[in-house]
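Student: Pasting a structure here, questions to come.
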């Protein structure tokens, strides 16, 4: 079966990467984007593993959670600021009304 | 292991055949980024978009595909990183001055009860710093620095004394001097090349690590200051 | 043994003689540059005055002015950036003496002359801003602004190189001896260089925004006494050197009389333009130069490669 | 084709591994003048800028504070040294790095001021400097890819190809962006409105000298004959 | 006057980066047309991608031969005459690196980026001056950023 | 050997998709979204580095990307908090 030849680590991770990147661009919510970003990183890890550079894969694996956590912290903080601003705005409008 | 596997006479045909596609990719990405900057009115967005221009630069340099090209990528990376840092700081300072100090918002507690922030940092940071120390040089510095950054960002409480800051800056200055001594030693006394190598590698390592750690301190001021 | 000793002694003496000759040559050239430059400035003033139906000062007025400043009291503003404020005049003097050495004396590389011109611009900024006076500061900002005039300058350099294949003044003169004056083969480059000279003209130039009359004396406003005297000497040398470069590069090896005639003609032409045109808005002055440079570059490249 | 047609007498080289610094009369002159300026700047005080106040007869004095003075002097000295280095280096990539260093230090010299307009100009200048790192390094990479070397002492013997020409155009644009010459001068003129002239002058000194040197490098890379 | 107005517009700081990027974009467009020919006679060439790792070389992808502290590795530098210890840095492996290299096949990158190895030879020795500059660039950027941060952005209440 | 081409062209694809997405993707007027999108070309570049076996550069790049993301996020949060209108 020629199709089965395509199910190796390189092709699968290529597919995952492309799905992840489309997901990041297409999904509107930041949290969803972060989830798709993990997919992207997973695909990249697969690629590095296919290239047999174990130490690089290790570093990638270590940095993945760091990027994700940094993004999460940023998003939560930003979300909070935006909510607070909205509240203030609506309060001000309420006073005006 | 034959010598041609170690170092060939000419660049391999694979790299030659990939050169044009890679260059076109780089030019294309650069073009898109530049056009976007042309239409962009928001300064913050311009700053983010210059990241893409930097990516284009890295691709064009990497496409040469020799060991020399690889060692030229590292300066490019460092320059990008350094400039983004300095310019974002200037942008913030400018906006602050423009708005005056009245805009400070009422601090609200930030609830970040993520499991990963309690258990992971120490472990990941130790792993990264150990690995970075093993690697040494720029790479090691970036990796160990990433570890410190992460640890500082997620663990410690707020407040960085002025003195500590200056101390850290001093250490990295000394590291830079170590590196310079190593560099000069290579040419003045080639017999001590091993010592020079170690001075250089660890000088750079310490320098980059501490600098990256500083970013973590800067970042903590942002994200953690409401937790006091 | 003895013979070799004598030989070394002779070579040493010869070297000393060459050095002495060189020194004398330099001194003579610097002196000539200063005198001719000052008189040319006076001439410029005279011509402008005559066009404006005024009697005008005598032709040696600029020279007298220069000497007069040396017997005046030298005062330093309290707000000045101290060593800098003084050293800058010395630097100005030094670079133009260096220009004379590279130019008429040794006929060295054209690139060095342009480097000297670049440093002259720096001195303009610095003399302007180091005093703390708002006039000087404004002149400094304008000098930076008019740095766009670098573009025609470097374009001229490139075009000359494309045409002759060398940067050495002696080689350029030799090239013109065999192939005819560059003025006719690359006229647009000559035009650009002329615009550059025009932008450096001392009195009422439409392009010289750093010395516009709205800024009193531009970057020199706060320099008095000796310092001002030195600055005026260097400016005279600078004017002489600019004209010298123009004549040498575009017309070729002239006799001293030829140089004097050429300089008087160019000065006359520039005075005519100065007297009849208003000073431009800084921004427009700069962009005029850039636009002219653009035309000059494109035109010259077409002329060189397609004709 | 050799260095003597461009810069006069060839005076010697300083080899540091693959990077070879070389001196001609021209390079030496520029090197020395950059160093002289740096030395003077290191010694100078700043001026205090006097402006008239609106509405009263009083003057307004703008001074540079002590902390600001220190950092700006430090950066100005670094900038001067970098300029001096760029004058004598014989390696294209090394040269681009010098230019990048000058770019970032220039931003730093004005980043320490308090005027919003000047900060705005510094920011825009910074953005240009960042964009310019693309043509700068890419130009060097193109020259490397087509000629196989980035040492000027070797390139001078290699016939010019179209790709090298393209690379050198990119290099020129990069230098123009990093140092802020015409027609991108407007940001730089704004920078000069603040007090502290000795440090500001190094910004422009570096860019002018760099441009003169770039002309030399472009002529070394592109041999029209 | 039209031209005057255009000139005025060009001189606004905010517009300059945009003008610059337009010009650069036009030049980059020319890059698609220019004939780009890659010269395969390069300095420091490297084997074909993945060649060393598929030959089960424990030091892949940076193995350039040489015996630690005894025999230099193979390096094709620009000026071998200016680098008396050429190849020694490439051939050097730290004791830990030798240990790691004997245990596993897939740690070549780590081994060769600990002191020694080809990239270190280029970065610290044959092109060491570049590294001086780039670390200076990094240092200057941090000096600027931390100075601005310390004096302006962080101490908001003072000043 | 085919693997090399797969890595390379996936990288190229990611760079192109990513840069277009960053420039004109949905919702990029939000700086946060734009910063997240720049991660895609970063991964693309990493793949290109992998193709050429620039592994040390790759390691450094991975570290640097995380740091750049952090710097950009910091700027975004801070500016948003100030309510700056750029």
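Values quoted throughout were computed directly from the atomic coordinates according to the rules given, and no laboratory measurement underlies them. These numbers were taken from a predicted model, which means no experiment stands behind them. Every residue, glycine as well, gets a Cβ built from its backbone with ideal geometry; the counts of neighbours run over all protein chains shown.
Student: Figure the gain on full extension for residue C:291 and residue C:31 (residue separation times 0.36 nm, minus the Cα-Cα span) and round it to one decimal in nm.
Tutor: Difference between extended and current length: 89.9 nm.
Student: Right, another one. What is the gain in length, in nm to one decimal, between residue C:306 and residue C:18 on full extension, counting 0.36 nm per residue of separation less the C-alpha to C-alpha distance?
Tutor: Extra length available between residue C:306 and residue C:18 comes to 99.0 nm.
Student: Continuing with the same structure: Points 7 angstrom from Cα along the Cβ direction at residue C:184 and residue A:18: gap in nanometres?
Tutor: Inter-label distance under the simple model: 6.8 nm.
Student: While we're here: How many Cβ atoms of partner chains, on average, are near each residue of B:143-151 if near means within 10 Å of its Cβ?
Tutor: 5
Student: What is the list of residues in segment C:256-279 whose amide nitrogen lies under 17 Å from a point 7 angstrom out from the Cα of residue C:50, following Cα to Cβ?
Tutor: C:261-276
Student: Here is a further query. Once both axes come from the Cα atoms, what is the angle between helix D:66-88 and the longest principal axis of chain D, in degrees from 0 to 90, rounded to 10?
Tutor: 20 degrees
Student: Right, something else. When the helix-only estimate is applied to the protein assembly as shown (DSSP H runs of n ≥ 4, each -39,500 (n - 2.57), divided by the residue count), what is the mean residue ellipticity at 222 nm, nearest 500 deg cm²/dmol?
Tutor: When only DSSP H runs of four or more count, the value is -24000 deg cm²/dmol.
Student: Using the beta-carbon distance between residue B:126 and residue D:59 and R0 = 60 Å, what value does 1/(1 + (r/R0)^6) give for FRET efficiency, to the nearest 0.05?
Tutor: According to the calculation, E is roughly 0.50.
Student: Using a Förster radius of 41 Å, what is the FRET efficiency between residue B:98 and residue C:298 based on their Cβ-Cβ separation? Nearest 0.05, please.
Tutor: With a Förster radius of 41 Å, E is 0.45.
Student: So how much slack lies between residue E:55 and residue E:29, counting 0.36 nm per residue of separation and subtracting their Cα-Cα distance, in nm?
Tutor: Full extension of this stretch gives 5.2 nm more.
Student: Quick one: helix F:55-82 against the long Cα principal axis of chain F, what's the angle to the nearest 10°, folded into 0 to 90?
Tutor: Roughly 10 degrees, rounded to the nearest 10.
Student: Here is a further query. Above 16 Å lies some portion of the pair distances; for segment F:2-82, what is it as a whole percent of all C-alpha pairs?
Tutor: That fraction is 56 percent.
Student: Sticking with this one: Over the Cα atoms, compute the radius of gyration (one decimal) and Dmax (the largest Cα-Cα distance, rounded to a whole number) for chain D, in Å.
Tutor: 19.2, 68
Student: Quick one: Kirkwood hydrodynamic radius for the protein assembly as shown, alpha-carbon pairs, angstrom, one decimal?
Tutor: 30.8 Å
Student: State the dimensionless ratio Rg/Rh of chain C (Rg: radius of gyration of Cα atoms; Rh: Kirkwood radius).
Tutor: Here the Rg-to-Rh quotient is 1.01.
Student: What do you get for the angle between helix A:9-26 and the principal long axis of chain A? Use alpha-carbon atoms, 0 to 90 degrees, nearest ten.
Tutor: For helix A:9-26, the angle is close to 20 degrees.
Student: I would also like to ask the following. Based on Cα coordinates alone, diagonalise the gyration tensor for segment B:1-78, multiply each eigenvalue by 5, take square roots, and list the semi-axes in whole Å, largest first.
Tutor: 33, 14, 5
Student: In Å, what Kirkwood hydrodynamic radius results for segment A:2-96 from the alpha-carbon pair distances?
Tutor: Evaluated over segment A:2-96, this radius sits at 15.7 Å.
Student: Using a Förster distance of 22 angstrom, determine the FRET efficiency expected from the C-beta separation of residue A:8 and residue A:54, and round it to 0.05.
Tutor: 0.80
Student: Further, regarding this structure: Could you line up C:45, B:97, F:74 from fewest to most neighbouring Cβ atoms inside 10 Å?
Tutor: Arranged by neighbour count, lowest to highest, C:45, B:97, F:74 become B:97, C:45, F:74.
Student: Segment F:13-72 to segment D:197-225: how many Å between their Cα centroids?
Tutor: 34 Å
Student: Starting from the Cα of residue E:12, step 7 Å along the direction of its Cβ; do the same at residue B:16; then give the gap between the two resulting points in nm.
Tutor: So the two model labels end up 5.2 nm from each other.
Student: Between segment E:68-122 and segment C:196-258, how far is it from one alpha carbon centroid to the other, in angstrom?
Tutor: So the two Cα centres are separated by 60 Å.
Student: For chain E, what ratio Rg/Rh do Cα atoms give with a Kirkwood hydrodynamic radius?
Tutor: Taking Rg over the Kirkwood Rh, I get 1.19.
Student: Order of D:53, D:94 from fewest to most other C-beta atoms within 10 Å?
Tutor: In increasing order of surrounding Cβ atoms, one gets D:53, D:94.
Student: By count of other Cβ within 10 Å, fewest leading, how are D:69, D:123, C:67, F:8 ordered?
Tutor: By the 10 Å Cβ count, ascending, the order reads C:67, D:69, F:8, D:123.
Student: Here's something else I'd like to know. For a protection proxy built on the mean count of beta-carbon atoms within 10 angstrom, sort C:160-173, C:255-268 highest first, please.
Tutor: Sorting C:160-173, C:255-268 by mean packing, highest first, produces C:160-173, C:255-268.
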